[in-house]
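Below is one structure; the comments refer to it alone.
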Amino acid sequence: YDENILCEECDKGLSKKYDDYGAKTFWGYENLRMEQADFFDRIDPRIMWREVKNVDVKRVKLFLLSILWRGHISKLDFFQAVDLGNLHSERIRKMIIEEDAGGNDEYPILLMHYAVTDTTARKLLSSINRYKKDGKTFYAAFFCGIMVSWFISPSSLPKGFDGFILNDANGLKILFSPKQGVEAVHEFLGREAFGDHSLVRKMRSAKNKS
């Protein structure tokens, strides 16, 4: 929480609209009576994902966009990598205020579960990092077992992932990362991203024991 970016009333408004629901969606399925099931691709069984039903997808998308937007306007070092620019910042702000999730391919969000069996990795909360691929910007962060990737434009989304982005057509799908735990962290954020953090040491230790 950054007390310098929003007044108390606005902050409570976002919490009531999005934060409470988002937290229950990802970390308290039973609270919203959601159904979940796991699937794999018959052609390539290595591709696995989780589908969650009975969920307000638009509200979840706005919850995640609000995190990115608040990171943009925050002055905290934790969010220093987030710079949406005036155009995208204003568009996302209006979407949040007006409760408009936009089109199905507007600001695509991809979710990936990187701690299916690694309970230690589920405790990890990273900063939001900025990446560029083929000249296109996207952001990614690890939120307690789920890697969230925000793509500023549809063209920045990797090919073949259209069926997994968060929207009305796809519902809520969470891909299973081929790499789990500390390997997934290193793959996406780099081995030096967390330095010698105690939680990362625990993750390495658990991996070595297994």
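The values are calculated or read from the model by the stated rules, or taken from the named source; none is laboratory data. Being a predicted model, the structure only gives us computed values, none of them experimental. As a convention, Cβ positions derive from the backbone with ideal geometry for all residues, glycine included, and neighbour counts pool all protein chains shown. The accessibility values were calculated without ligands, DNA or RNA, using every heavy atom of the protein model including side chains. Shrake-Rupley method; radii C 1.70, N 1.55, O 1.52, S 1.80 Å.
Okay, here's what the table says:
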item: Residues of the range 85-120 satisfying the condition of being of a type in the set (Gly, Ala, Ser) and either under 19 Å from the mean Cα position of the chain (by Cα) or closer than 14 Å to Arg59 by Cα (or both); result: Ser89, Ala101, Gly102, Gly103, Ala115
item: Matching residues, the range 8-39, being outside any helix (DSSP H, G or I), modelled with pLDDT under 80 and either under 21 Å from the mean Cα position of the chain (by Cα) or of a type outside the set (Lys, Arg) (or both); result: Gly28, Met34
item: Selection status of Ala169, of a type in the set (Gly, Ala, Ser) and either farther than 25 Å from Asp44 by Cβ or open to solvent by 30 Å² or more (accessible area, probe 1.4 Å) (or both); result: yes
item: Those strands (runs of 3 or more DSSP E) lying entirely in the range 115-160 with at least 2 residues modelled with pLDDT of 75 or more and open to solvent by less than 30 Å² (accessible area, probe 1.4 Å); result: 136-143, 146-151
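To keep it simple, each residue is scored yes or no on (1) in a helix (DSSP H, G or I); (2) more than 25 Å from Ser153 (Cα to Cα); (3) open to solvent by less than 70 Å² (accessible area, probe 1.4 Å).
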{"site": "Pro45", "(1), (2), (3)": "no, yes, no"}
{"site": "Val60", "(1), (2), (3)": "yes, no, yes"}
{"site": "Lys94", "(1), (2), (3)": "yes, no, no"}
{"site": "Leu111", "(1), (2), (3)": "no, no, yes"}
